[in-house]
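Novice: Take a look at this one; I'll ask things after.
The values are calculated or read from the model by the stated rules, or taken from the named source; none is laboratory data. Since the model is a prediction, treat every value here as computed from it, not as a measurement. All Cβ positions, glycine included, derive from the backbone under ideal geometry; neighbour counts span all protein chains shown.
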Amino acid sequence: MIMCIHAARELSVARIGDAGLATELGRSYWVGFCMIQYTFFAAIITRRPPSLLLALLTAGLLISVYGAASFAVQIPRGEVTWRHLGIIDHLIHAGSIDATIDAYFGWPGFFAAFAAFGEATGISLIHVALWAPVWNNALWLLGLAALVSQLTPNRRHIWLTVWIFASVNWIDQDYFSPQAFAFLLYLIILAVMLRLLRADPPVTVLHRLRLARARMRRQDAPAEATTRTDASGRSKEPAAVAAKPDASRSARARGLILVAALAAVMIASHQLTPFALLLAVGALVLVGRSATPRLPLVLLLILAAWLILPASAYLDGHPVAANAGDLAAVADKNLTSRISGSPERLLVLRLRMIVTAAVWLLAAVGLLRRWRAGHRDVSCVALAVAPFVLLPMQSYGGEMLLRVTLYSLPFMAFLAAAALSPPHGWDILHRAHRPIAAALATGLCLVLGAASVGARYGNARFDMFTRGDIAAVQALYDQARPGDVLIAGSHPTPWRYRDYDAHRYLTLQDLCRDPTLTAQGCFHLVHEAVRRSPSGRGLVLVNRANREAIRMQSMLSPDVVAGVEARLGTGPDGRLMLQDADFQLYELRVGRS
């Protein structure tokens, strides 16, 4: 771990190429990474795997992988992180929630909680956001361990599941966000479901329907009617579920209250995860693993109440399932339109697909092994498959496939852990063969883990900000006035952390997304956006991160951007206000009729 931290601290953003952070971390980082992986599997094959050592190795993996960017630059990654800080800043200063501003204010639970945390503790939320990937993953792994312990009592399998999840989670949804908070609640709620609300024995929906029909027949039949029997004398009525003792009923009541409370917090914090939870709970009911078949209805009522009341201001004109059934649109948003860019970026995109496919393949192998060993894993399979129902519902801004992959990953990791273990377990395996099996598992997990680091940090060239990028945005705010429209070159811009509702925020990437537009056409759209602003004034910022994103993603022609900048700098309405090696800041004034 120390080698990994030292290598990350020595990294310069200027050296990062289009292939991302992984290619620039250096030899010492990868030597340390290999040592962490090898030591874990050397410990897991022992007769009594030492829990303390495994926990320390897991912490070392988290810090080495998820803290690499934070050690490299002491600046939070990603534009959205800065936006979330701005929402919290707005709540602190405004003292109230205005759901008409944008979607985030229709689901303010996460932001309100951290606004209170920041005010109460005085801790800088920038530092909290900087290390969010590390502490979010640490919390996720605790929730995952609690969840997996309900699927198997095998300690090795639990540790392997946690390790695989930490090694292959390239999805990068662990930043400072409502998504990360809601995913933690998702894991906890499912753990509670499997612990306190599990049907034992399993009772499927069809069996419950048969029981209901049988009760109706008994109520309608004459009092003296006898139970029908078959030729052998056995009752033909469906078997009832065994009555639970009072202690079990009490535990179920506590479980229901806890699930409803946590679900309410989740529903108030995030748009998408409650739907994933609803599908997961519905899947458990469908396969007969839930002792509370009406729980999905309860969750649906809470969700509907939130959408109708607090979130109605945003949902007016933004339907939840806007693209339901339009598979072509969903596929284009999630896959087709995202597979573009420089050759190195295309390599990173393919690497992400390969890692995901490899984990799913390992999960299939693990499922087959456990099936042959007599483990049916119905709950696990249902929970792994349920999130995919979300895919045809909407594109979620092109990130639905990423979110679905994250929701299913805990259960894919559980099954993949079975694929990395010997077919009959480590204890039965001959002592001389254990190192060989451990070496094979280490090699496979090492390859997948290294590929995941490359996939996770593939955007580092533009989503890791420099001090110059921060200084550019600070200069933008210094020159901005209330009512101005602020326009950046593209989305990787560390802004909106202040003055959240004082300006309209746009990007050239969004305004000029039509590939047939010329520089003149793009400038006209910028001109119109400024003309519609309350002040008739706009500031256009193009910084280093913007230029790199435009070049790497191929979503906007660099020539179009250069043409717009030329018009801004030389036109009668525009002028170059400030420039540095990392940015150019333009002013555009438009007289309104």
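Novice: Residues being aliphatic (A, V, I, L, M) and either assigned to a loop (DSSP other than H, G, I, E, B) or crowded, with 16+ Cβ neighbours inside 10 Å (or both): count how many of those fall in the range 93-104. Show your work before the answer.
Specialist: Taking the range 93-104 as the starting set, the residues that turn out to be aliphatic (A, V, I, L, M) are 94, 97, 99, 101, 103.
When the remaining residues are screened for being either assigned to a loop (DSSP other than H, G, I, E, B) or crowded, with 16+ Cβ neighbours inside 10 Å (or both), the result is 97, 99, 101.
Looking only at that region, the number is 3.
Residue-wise test of (1) within 12 Å of the chain's Cα centre (by Cα); (2) at pLDDT 95 or above.
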site: 173; (1), (2): yes, no
site: 180; (1), (2): yes, yes
site: 189; (1), (2): no, yes
site: 198; (1), (2): no, no
site: 201; (1), (2): no, no
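Novice: Being in contact (Cβ under 8 Å) with a residue 24 or more places away in the chain, of a type in the set (Phe, Trp, Tyr) and farther than 13 Å from residue 85 by Cα narrows it down to one of 135, 159, so name that one.
Specialist: Values: 135 fails: in contact (Cβ under 8 Å) with a residue 24 or more places away in the chain.
The match here is 159.
Novice: Moving to a separate point now. With 472, 502 as the choices, which residue is part of a helix (DSSP H, G or I) and either out of contact with any helix residue (DSSP H, G or I) (no Cβ under 7 Å at 6 or more places or on another chain) or at positive phi (or both)?
Specialist: On the way: 502 fails: part of a helix (DSSP H, G or I).
Checking each option against the conditions leaves just 472.
Novice: Of all residues being crowded, with 22+ Cβ neighbours inside 10 Å and out of contact with any Leu (no Cβ under 8 Å at 6 or more places or on another chain) in the range 64-77, which is farthest from residue 171 (Cα to Cα)? Just the residue, please.
Specialist: The extreme case among them is 64.
Novice: Need pairs with beta-carbon distance below 8 Å; first residue without any contact (Cβ under 8 Å) to a residue 60 or more places away in the chain and within the range 32-46, second small (Gly, Ala, Ser) and buried (at least 21 other Cβ atoms within 10 Å of the Cβ); sequence gap 6+ or separate chains.
Specialist: Pairs that qualify, where the first residue is without any contact (Cβ under 8 Å) to a residue 60 or more places away in the chain and the partner is small (Gly, Ala, Ser) and buried (at least 21 other Cβ atoms within 10 Å of the Cβ), are 32/7; 32/64; 36/64.
Novice: Related question: Just name the residue that is surrounded by the most Cβ atoms within 10 Å (Cβ to Cβ) out of those in the range 533-569 that are touching a strand residue (DSSP E or B) at 6+ places or on another chain (Cβ under 9 Å) and without any contact (Cβ under 8 Å) to a residue 40 or more places away in the chain.
Specialist: It comes out as 565.
Novice: So is residue 120 among the aliphatic types (A, V, I, L, M), farther than 30 Å from residue 441 by Cα, in the same structural domain as residue 68 (by TED's automatic domain parsing) and at pLDDT below 95 or not? Walk me through how you get there before you give the answer.
Specialist: On the way: among the aliphatic types (A, V, I, L, M): yes; farther than 30 Å from residue 441 by Cα: yes; in the same structural domain as residue 68 (by TED's automatic domain parsing): yes; at pLDDT below 95: yes.
When the stated conditions are applied, residue 120 passes them.
Novice: Inspect the range 295-313 for any residue being under 25 Å from residue 402 (Cα atoms), under 19 Å from the mean Cα position of the chain (by Cα) and either aliphatic (A, V, I, L, M) or not assigned by TED's automatic domain parsing to the domain that holds residue 393 (or both) and give the result as yes or no.
Specialist: Looking for residues that are under 25 Å from residue 402 (Cα atoms), under 19 Å from the mean Cα position of the chain (by Cα) and either aliphatic (A, V, I, L, M) or not assigned by TED's automatic domain parsing to the domain that holds residue 393 (or both), one finds none in the range 295-313, hence no.
Novice: For the range 40-56, does any single residue satisfy the condition of being under 28 Å from the mean Cα position of the chain (by Cα) and of a type in the set (Val, Ile, Thr)?
Specialist: No, there is no match, as no residue in the range 40-56 is under 28 Å from the mean Cα position of the chain (by Cα) and of a type in the set (Val, Ile, Thr).
Novice: What's the number of the condition residue 434 fails, among (1) over 30 Å from residue 416 (Cβ atoms); (2) modelled with pLDDT under 90; (3) over 21 Å from the mean Cα position of the chain (by Cα)?
Specialist: Result: residue 434 passes all but (1).
Novice: Would you mind finding the one in 87, 63, 97 that is of a type in the set (Val, Ile, Thr) and without any contact (Cβ under 8 Å) to a residue 40 or more places away in the chain? Explain how you work it out, then say what you get.
Specialist: Numbers: 87 fails: without any contact (Cβ under 8 Å) to a residue 40 or more places away in the chain; 63 fails: without any contact (Cβ under 8 Å) to a residue 40 or more places away in the chain.
The unique qualifying residue is 97.
Novice: Could you list all residues from the range 502-524 that are crowded, with 17+ Cβ neighbours inside 10 Å, free of Cβ contacts under 8 Å to residues at least 40 places away in the same chain and hydrophobic (A, V, I, L, M, F, W, C)?
Specialist: Listed by number, the residues that qualify are 506, 511.
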